[in-house]
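Presented below is the structure to which this report refers.
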Amino acid sequence: MSAVLAAADSVNGNLGSIAYGLAAIGPGIGVGIIFGQGVQAMARQPEMVNVIRQNMLLGFALTEALALIGFVVPFVHK
């Protein structure tokens, strides 16, 4: 048990970068889903391209906001 605690004490450096890497996984997957489904919807209904593109970009902006929050929070709460 003491070996585990000693290993945990030896971790030093900025763990915020690791936290941001983990926080970027969700928005990365979300952006892929948004654009993949958006292109598929445009292919199925070409007459609705403008509406689909508008909704797709809105979803992208909201998803990227989560990535930016994930970037800031680990550095604010040290």
Margin query: Condition first: closer than 21 Å to residue 18 by Cβ and loosely packed, with under 12 Cβ neighbours inside 10 Å. Now tell me which residues in the range 29-67 satisfy that.
Written below: 29
Note to self: Considering only residues that are modelled with pLDDT of 70 or more, open to solvent by less than 90 Å² (accessible area, probe 1.4 Å) and over 24 Å from residue 56 (Cα atoms), which ones fall in the range 15-28?
What the structure shows: 17, 19, 20, 21
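If a residue has to be open to solvent by less than 60 Å² (accessible area, probe 1.4 Å) and either small (Gly, Ala, Ser) or in contact (Cβ under 8 Å) with a residue 60 or more places away in the chain (or both) to count, how many in the range 68-78 make the cut? Explain how you work it out, then say what you get.
So in the range 68-78, the residues open to solvent by less than 60 Å² (accessible area, probe 1.4 Å) come out as 70, 74.
Now drop any that are not either small (Gly, Ala, Ser) or in contact (Cβ under 8 Å) with a residue 60 or more places away in the chain (or both), which leaves 70.
Here the count works out to 1.
The values are calculated or read from the model by the stated rules, or taken from the named source; none is laboratory data. Every value quoted in this text rests on a predicted model; they were computed, and no experiment measured them. Note that each Cβ is placed from the backbone with ideal geometry, even for glycine, and that neighbours are counted across all protein chains shown. Quick note on the areas: whole protein, heavy atoms, side chains included, nothing else; ligands and nucleic acids left out. Shrake-Rupley method; radii C 1.70, N 1.55, O 1.52, S 1.80 Å.
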